[in-house]
């Protein structure tokens, strides 16, 4: 590997950035905060972004090559954005690595917890697991759990090409608010 290999452009870089942007927009949907119990705080936004990224990564793992490479590029991009966000918030160069380590630990522990329960398709169990990470009562996150399961279903119908060209194509979280279900 030569030094010049570091300067090659990734042909998917723009597509990964666009995919991340669409995931971040979905994670910022106002209905998640106003109607599905997600706290509109830095922690709540991180938890919501993590949930959305994990859901997308789960589908990418199921798709044929080069989906796993795309998944890794997406994770790398997410963490570059988190690093940039910390710096924008005024965290100094000495504090960023320590905070990034904590964010990575939180991300991967949540991914493992979500993986274990998402496979069960049990919305009550998912609400309980989400409650541990969203700092809310499970009853308050039942709509979010149902939304996450609907996202899983929607993503299962997406090809890699659709992800990269059109984004994840997620349902509206507003439809999963408790008052809309009755």
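Numerical summary
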| item | result |
| --- | --- |
| Hey, residue 67 in contact (Cβ under 8 Å) with a residue 40 or more places away in the chain and more than 20 Å from residue 132 (Cα to Cα) or not | yes |
| Count - residues of the range 24-60 that are over 23 Å from residue 86 (Cα atoms), over 14 Å from the mean Cα position of the chain (by Cα) and not in a loop (DSSP other than H, G, I, E, B) | 2 |
| Scan of the range 118-149 for residues that are within 13 Å of residue 32 (Cβ to Cβ) and either in contact with a strand residue (DSSP E or B) (Cβ under 7 Å, 6 or more places away or on another chain) or not in a helix (DSSP H, G or I) (or both), ordered by number | 136 |
| Every residue from the range 150-167 that is surrounded by 13 or more Cβ atoms within 10 Å (Cβ to Cβ) and either in a helix (DSSP H, G or I) or at pLDDT below 90 (or both) | 150, 151, 152, 154, 155, 160, 162, 163, 164, 166, 167 |
| Selected residue (only one of 54, 96, 70 is over 26 Å from residue 163 (Cβ atoms) and surrounded by 12 or more Cβ atoms within 10 Å (Cβ to Cβ)) | 96 |
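A quick yes/no check of all residues on (1) in contact with a helix residue (DSSP H, G or I) (Cβ under 9 Å, 6 or more places away or on another chain); (2) surrounded by fewer than 19 Cβ atoms within 10 Å (Cβ to Cβ); (3) touching a residue at least 12 places away in the same chain (Cβ under 8 Å):
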{"site": "34", "(1), (2), (3)": "yes, yes, no"}
{"site": "80", "(1), (2), (3)": "no, yes, no"}
{"site": "84", "(1), (2), (3)": "no, yes, no"}
{"site": "88", "(1), (2), (3)": "no, yes, no"}
{"site": "110", "(1), (2), (3)": "yes, no, yes"}
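The values are calculated or read from the model by the stated rules, or taken from the named source; none is laboratory data. All figures in this text were calculated on a predicted structure; none of them were measured in a lab. Please note: Cβ atoms are built from the backbone with ideal geometry, for glycine as well, and neighbour counts cover all protein chains shown.
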